[in-house]
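All of the numbers you see were taken from the coordinates with simple rules; none came from a lab. These figures come from a predicted structure and were not determined experimentally. Every residue, glycine as well, gets a Cβ built from its backbone with ideal geometry; the counts of neighbours run over all protein chains shown.
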Amino acid sequence: MNMKQFIKSIPLFSALSDADIQFMIDNGQVKEYVKGETIHSPDEICNYVSIVLEGKLYSTKYSLSGKEQIVCNLVAGKCFGYPVVFGNLTYPEYIITETQSKVLYVHRDILMSLFDNKDFLLLFFEALSKKIKAFSELVEILSYTSVKERVARYLLNQVQESKPDNISLKVNKTRLAKELGSVRVVVSRVFKTLEEEGIIEQPNDQEVMIIDKNKLENFS
C-alpha cells in the first residue's frame, strides 16, 4: 500500500498537501490488531484521530444488562476519534476489530498544526457535522418503540443515500439487528412481514426493493 496516496484519497484529508500527509505519517503510529480485539473502551481518553488502513472494525455500546448496540462500522478509509479528540474526552464507545486490522494513529497536536490549512479545517468541521447527523439518525431510529418502525426508518435512510429504491444491505441481519437494538430472529420476521404486505421484495438476503414507499413511511 502507498500510504500517502491512500490517505490522500480519504475525503477528510484530501485538501492536505503531500508534504502535510507525509508529516502525519512520519509523526503517527501504525498498530496492527487481530480479529476480535477490543482496542479502545469508554474509560480511555481519546488523544488521537485514527485512520483505518486495513481490515474492519466497529464501535459498539453495551447496556447494563449486556445488550449490545452497534453504533458505527469502520472499514479501510474510515476514521474514528475525531469527534472527541479535542475535548479531553473518553471514547464514546468500545472499538472492536471484526477482522485483522491496521490503524494509523495521529496525535491531536499533529492535527492542530495542520489547521493553518483552512480547506482542511473546513473538511474537519464537515466531518463533525456528518457524524452529528449520523448520531441524530441513529437516535431517531432507536426512539421508535417497535422493531418494525426501526426497520422502516433504516430502509428509508438507505433509500435517501442510494437514491433508487433498490437497496444493497451493507450488513447481514445479525449485525443489522444489533444496530437496531434487537435480535436477528425479530428483524428477519419484520422483513418477511413487510414482504408479505407487499411493501418490499427481497431477491436475496442482501438485496431489498422498496415496492410501496408510502406504506413504509407510514410505519416510520
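Below are the figures for this structure:
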| quantity | calculated |
| --- | --- |
| Charge dipole magnitude, Cβ of K and R +1, D and E -1 - segment 11-103, Cα centre, debye nearest 20 | 280 |
| Sequence-separation-based contact order of segment 142-219, relative, with Cα cut under 8 Å and 6+ spacing, percent | 35 |
| Computed label-point distance, nm, for sites A76 and I39 using a 7 Å Cα→Cβ extension | 1.4 |
| Charge dipole magnitude, Cβ of K and R +1, D and E -1 - the chain, Cα centre, debye nearest 20 | 320 |
| Of V186, V84, V75, the one that fluctuates the most in a GNM where the chain has Cα springs shorter than 10 Å | V186 |
| Segment 176-220, relative contact order [Cα under 8 Å, separation at least 6], % | 21 |
| Cα-based radius of gyration of segment 3-130 once divided by 2.2 N^0.38 Å, which approximates compact folds | 1.05 |
| P(r) weight above 18 Å for segment 142-219, C-alpha pairs, percent | 31 |
| Under the span-like rule (Cα at least 27 Å along the axis, Kyte-Doolittle mean at least -0.5), DSSP H helices of the chain | 118-143 |
| Listed residues I51, L156, I199: farthest to the positive end of the dipole of the chain (Cβ charges) | I199 |
| Estimated [θ] at 222 nm from DSSP helical runs (n ≥ 4, -39500 (n - 2.57)) normalised by residues in the chain, nearest 500 | -13000 deg cm²/dmol |
